[in-house]
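**Student:** Have a look at the structure that comes next, please.
The values are calculated or read from the model by the stated rules, or taken from the named source; none is laboratory data. Quantities reported herein were computed from a predicted structural model and do not represent experimental measurements. Here the Cβ is made from the backbone with ideal geometry for all residues, glycine too, and neighbour counts use every protein chain on show.
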Amino acid sequence: MSSSQADIPAAQAVDVHVTDDMLTVELTDGRRIAAPVNWYPRLAKASPSERANWRLIGRGAGIHWPDLDEDISVDGLLEGRRSGESEESIQHWLDSRTG
């Protein structure tokens, strides 16, 4: 018997841990995905308290950091996608944080 993509349940996050070096996401199926924090400049520039202030979105399909205006999808993590935000956009965001 073969299975189709539709038979495979979507990966969903249940917990998130962010350190100075690593973003780790725990999934409902027991897996953990990890990616370097420097893949996501807003997380890399954030304070520990800002990194800790996250919530799951889309029933665990993604993670949102309201203090950083950052969203990362579980599918993107699984595919190894880094932030696509431009340097100009990051600089504008940094400038808005400092003053």
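For (1) under 27 Å from Ser86 (Cβ atoms); (2) modelled with pLDDT of 95 or more; (3) not hydrophobic (A, V, I, L, M, F, W, C), each residue gets a yes or a no:
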residue: Asp7; (1), (2), (3): no, no, yes
residue: Val14; (1), (2), (3): no, yes, no
residue: Ile33; (1), (2), (3): yes, yes, no
residue: Gly60; (1), (2), (3): no, yes, yes
residue: Pro66; (1), (2), (3): yes, yes, yes
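**Student:** Do any helices (runs of 4 or more DSSP H) lying entirely in the chain carry at least 1 residues that are of a type in the set (A, V, I, L, M, F, W, C) and either surrounded by 14 or more Cβ atoms within 10 Å (Cβ to Cβ) or more than 14 Å from the chain's Cα centre (by Cα) (or both), and which ones are they?
**Tutor:** On the way: elements: 41-45, 48-52, 74-79, 87-98.
In the chain, 41-45, 74-79, 87-98 are the helices (runs of 4 or more DSSP H) which contain 1 or more residues that are of a type in the set (A, V, I, L, M, F, W, C) and either surrounded by 14 or more Cβ atoms within 10 Å (Cβ to Cβ) or more than 14 Å from the chain's Cα centre (by Cα) (or both).
**Student:** With of a type in the set (Gly, Ala, Ser) and modelled with pLDDT under 95 as the only criterion, which of Ser47, Ser96 stands out?
**Tutor:** Working: Ser47 fails: modelled with pLDDT under 95.
On inspection, the qualifying residue turns out to be Ser96.
**Student:** Cβ contacts < 7 Å: first residue acidic (Asp, Glu), restricted to the stretch 85-99; second residue in a helix (DSSP H, G or I), any location; separation 6+ or different chain. Result?
**Tutor:** Glu85/Pro41
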